[in-house]
Amino acid sequence: MLSKLWSAACLGIKAYPVRIEVDVANGSLPKFHIVGLPDTGVKESKDRVRPAIKNSGFRIGSKVITVNLAPADIRKEGPSFDFPIALGIIASCQLVKQNRFDDFILLGELALDGTLRSCPGGLPIAAVTAKLGKKLILPPGMAQEASIEERVEVFQVHSLAEAVQFLNGEIQLEKIKPGIKKFFTPGKTADVDFREVKGQTLVKRALEIAVSGFHHLLMIGPPGSGKSMIAKRVPTICPPLEFEEVLEITQIYSVAGLSLTHLNSFMWERPFRSPHTSISQAGLVGGGSDPKPGEVSLSHHGILFLDEFPEFRRDVLESLRAPLEDKSVTISRAKHRLSFPANFMMICAMNPCPCGNLGQKFRRCRCGFRKIEQYRNKISGPLLDRIDIHVEVPAVQYAHLVSSIPAESSEEIRGRVEKARAVQRARFEHLKLHLLANSQIPEKYLHELCPMTVKAEKILEHAIGHLGISARSYSRILKVARTIADLVQENVLTDAHITEAVQYRLLDRS
């Protein structure tokens with residue numbers, strides 16, 4: 001007998017429906033075939049499904065089972081089809097009614113005892129379910145995640161036997177409707193604060209500008225100067241996430257299999273990702289045989305911190321060029337192209353030389369000129385151009401370490417950042433531009449949104465003539481100057497704004 005059910009799978013950060021057809025026929029020996037481009041994880045379903053059906057109290061005997069996953073031209077991956085395949089087999093053996101199958105999309109991994117386990121992708125699958133006008137039957141955890149989508153009815157089941165009872169009308173299940181917005185708590189207090197950072201006034205100023213305009217930043221300083229400590233506190237001065245941003249980030253983490261299983265652990269705070277220098281290109285920007293979001297996408301609307309910047313492989317660093325410009329990552333395969341969002345703020349940290357002692361008063365640098373040049377040349381000019389702000393992080397003085405004068409808190413800095421963001425938002429809304437911050441100003445609007453005084457123009461012209469700044473660096477300087485002016489609520493860029501922005505091109509000046 002033939003049975004048909006609906007399931008779904010993720011392709012990139014979006015989901016698509018999968019039609020599951022199960023045919024069960026009598027045979028002298030049990031056989032189990034799965035077709036429709038299944039990967040190893042899907043093929044192994046047969047070794048989970050048979051014991052799960054038996055241990056749930058159903059007897060199917062020696063049957064020849066054929067399962068088709070349509071559309072057959074897209075590769076199916078993972079264990080999420082266990083649950084609908086098992087239900088299809090039970091239905092083909094006339095142990096469950098099929099009249100309600102068309103109303104539901106079903107997903108879940110099966111344990112050998114018939115209980116259900118969560119799989120990645122609950123939120124994007126809920127979105128496609130809402131478009132199809134269907135309902136969802138999911139395992140715990142996955143059901144909680146999918147319930148964020150308010151347009152779809154979500155039912156939670158714990159086992160295969162419970163699902164059969166529900167579909168046969170023997171029991172009733174309550175819809176999962178948690179009202180996710182009531183858990184939305186923007187501005188949650190972090191465990192770290194900028195008050196703990198001693199000294200480094202100029203670095204804090206550069207970071208305030210960077211966060212206000214969502215500019216990329218490079219810190220250059222000796223070991224122990226506090227680069228990592230400062231970077232970890234950047235999320236505390238970022239504006240709180242909007243609810244729509246929470247949904248976008250949670251969807252990415254869901255597809256990557258990193259979302260958590262209870263509501264209070266959704267991505268309420270801006271991501272902070274700090275990959276190791278040994279990371280691969282696919283790990284950083286995404287990809288692989290089963291394309292998944294990389295660190296740049298997991299940093300969407302948040303911070304990507306690359307410590308020991310020159311120690312990353314050259315090809316890995318060069319792969320950052322496209323995400324930094326396009327705010328997304330496109331991965332091409334033979335039959336399809338996937339796009340992952342990657343609108344992140346990049347913060348990098350590096351030593352001034354391989355030993356880290358270049359320019360130190362009490363420590364002698366052991367690196368020769370050629371060695372220093374090779375070290376810095378690991379970062380290409382085009383990549384360096386895409387980093388808006390270069391700032392030096394000097395060693396902390398003893399007077400600052402023992403000072404009892406309280407440093408400025410993250411809350412105080414964040415207050416100024418939010419005011420600057422409000423100025424930018426009002427400007428963009430006036431021009432009907434859907435932009436987040438000054439770093440995203442299109443080139444055609446650059447001079448319209450960055451008017452300068454005559455003196456400021458002369459200073460910028462002089463700087464470009466003497467420093468050999470590229471066209472990309474020129475636009476970065478204007479955008480940084482625009483943010484500096486927004487922090488003091490000024491519309492026209494003055495010589496002070498331009499001069500400070502030029503000072504943040506440290507490596508260009510070197």
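The values are calculated or read from the model by the stated rules, or taken from the named source; none is laboratory data. What you see is a predicted model; the values in this text were computed from it and never measured. Using ideal geometry, Cβ is built from the backbone for each residue, glycine included, and neighbour counts are taken over all protein chains shown. Ligands, DNA and RNA are stripped out before the accessible areas are found, and what is left, the full protein with its side chains, is counted by its heavy atoms. Shrake-Rupley method; radii C 1.70, N 1.55, O 1.52, S 1.80 Å.
Points to keep in mind about this one:
- Meets criteria (farther than 19 Å from L436 by Cβ and exposed (fewer than 15 other Cβ atoms within 10 Å of the Cβ)) for K371: yes
- The one condition in (1) open to solvent by less than 10 Å² (accessible area, probe 1.4 Å); (2) in contact with a strand residue (DSSP E or B) (Cβ under 7 Å, 6 or more places away or on another chain) that V285 fails to fulfil: (1)
- Here the range 459-471 is the region considered, the condition is being part of a helix (DSSP H, G or I) and loosely packed, with under 14 Cβ neighbours inside 10 Å, and the residue that is nearest to the chain's Cα centre (by Cα) is A471.
- Total residues in the range 293-320 satisfying the condition of being more than 21 Å from G213 (Cα to Cα) and in contact with a helix residue (DSSP H, G or I) (Cβ under 7 Å, 6 or more places away or on another chain): the figure is 10.
- Near pairs, Cβ below 9 angstrom, 6+ apart or cross-chain, from the range 365-386 (among the aliphatic types (A, V, I, L, M)) to any residue that is at pLDDT below 90 and assigned to a helix (DSSP H, G or I): I379/L507; L384/S473; L384/L507; L384/D508
- Enumeration of residues in the range 32-65 that are small (G, A, S), buried (at least 18 other Cβ atoms within 10 Å of the Cβ) and out of contact with any Phe, Trp or Tyr (no Cβ under 7 Å at 6 or more places or on another chain): G36, A52, S56
A quick yes/no check of all residues on (1) touching a Gly at 6+ places or on another chain (Cβ under 8 Å); (2) open to solvent by less than 60 Å² (accessible area, probe 1.4 Å); (3) touching a residue at least 60 places away in the same chain (Cβ under 8 Å):
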{"position": "V67", "(1), (2), (3)": "yes, yes, no"}
{"position": "A70", "(1), (2), (3)": "yes, yes, no"}
{"position": "A91", "(1), (2), (3)": "no, yes, yes"}
{"position": "R100", "(1), (2), (3)": "no, no, yes"}
{"position": "T115", "(1), (2), (3)": "no, yes, no"}
{"position": "L123", "(1), (2), (3)": "no, yes, yes"}
{"position": "V128", "(1), (2), (3)": "no, yes, yes"}
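- Number of positions in the range 5-32 that are more than 17 Å from G78 (Cβ to Cβ) and among the β-branched types (V, I, T): 2
- Of A420, A456, A485, A437, all but one fail to be surrounded by 18 or more Cβ atoms within 10 Å (Cβ to Cβ), over 25 Å from the mean Cα position of the chain (by Cα) and under 15 Å from E208 (Cβ atoms); the exception is A485.
- Within the range 289-323, the residues that satisfy the criterion of being among the hydroxyl-bearing types (S, T, Y) and either within 10 Å of the chain's Cα centre (by Cα) or under 14 Å from L218 (Cα atoms) (or both) are S297, S299.
- In the set A437, A426, only one residue is farther than 21 Å from D385 by Cβ and either touching a residue at least 40 places away in the same chain (Cβ under 8 Å) or hydrophobic (A, V, I, L, M, F, W, C) (or both); that residue is A426.
- Pair list, Cβ < 6 Å and 6+ apart or interchain, from the range 244-257 residues that are at positive phi to residues that are at pLDDT 85 or above and open to solvent by 10 Å² or more (accessible area, probe 1.4 Å): G257/P120
- Selection count where residues are of a type in the set (V, I, T) and either under 30 Å from S339 (Cβ atoms) or surrounded by fewer than 22 Cβ atoms within 10 Å (Cβ to Cβ) (or both), scope the range 1-31: 3
- Among the criteria (1) in a helix (DSSP H, G or I); (2) open to solvent by less than 80 Å² (accessible area, probe 1.4 Å); (3) out of contact with any Phe, Trp or Tyr (no Cβ under 8 Å at 6 or more places or on another chain); (4) closer than 26 Å to D495 by Cα, the one H447 does not fulfil is (2).
- Some residue of the range 397-415 being open to solvent by less than 60 Å² (accessible area, probe 1.4 Å), in contact with a Leu (Cβ under 8 Å, 6 or more places away or on another chain) and not hydrophobic (A, V, I, L, M, F, W, C): no
- Residues (open to solvent by 10 Å² or more (accessible area, probe 1.4 Å), closer than 25 Å to F272 by Cβ, touching a residue at least 40 places away in the same chain (Cβ under 8 Å) and out of contact with any strand residue (DSSP E or B) (no Cβ under 8 Å at 6 or more places or on another chain)) located in the range 321-356: R321, E325
- Single residue of the range 147-158 satisfying the filter (in contact with a strand residue (DSSP E or B) (Cβ under 8 Å, 6 or more places away or on another chain) and open to solvent by less than 30 Å² (accessible area, probe 1.4 Å)) that is nearest to L247 (Cα to Cα): S147
Rundown of residues vs (1) open to solvent by 10 Å² or more (accessible area, probe 1.4 Å); (2) in contact (Cβ under 8 Å) with a residue 40 or more places away in the chain; (3) more than 26 Å from the chain's Cα centre (by Cα), yes/no style:
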{"site": "R195", "(1), (2), (3)": "yes, yes, yes"}
{"site": "T201", "(1), (2), (3)": "yes, no, yes"}
{"site": "I209", "(1), (2), (3)": "no, yes, no"}
{"site": "H216", "(1), (2), (3)": "no, yes, no"}
{"site": "S228", "(1), (2), (3)": "yes, yes, no"}
{"site": "A231", "(1), (2), (3)": "no, yes, no"}
{"site": "T236", "(1), (2), (3)": "yes, yes, no"}
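- Of all the listed residues (V49, V24), the sole one being in contact with a strand residue (DSSP E or B) (Cβ under 8 Å, 6 or more places away or on another chain) and in a helix (DSSP H, G or I) is V49.
- Meeting the requirement of 1 or more residues that are modelled with pLDDT under 90 and not small (G, A, S), the helices (runs of 4 or more DSSP H) wholly within the range 103-211 are 122-132, 142-146.
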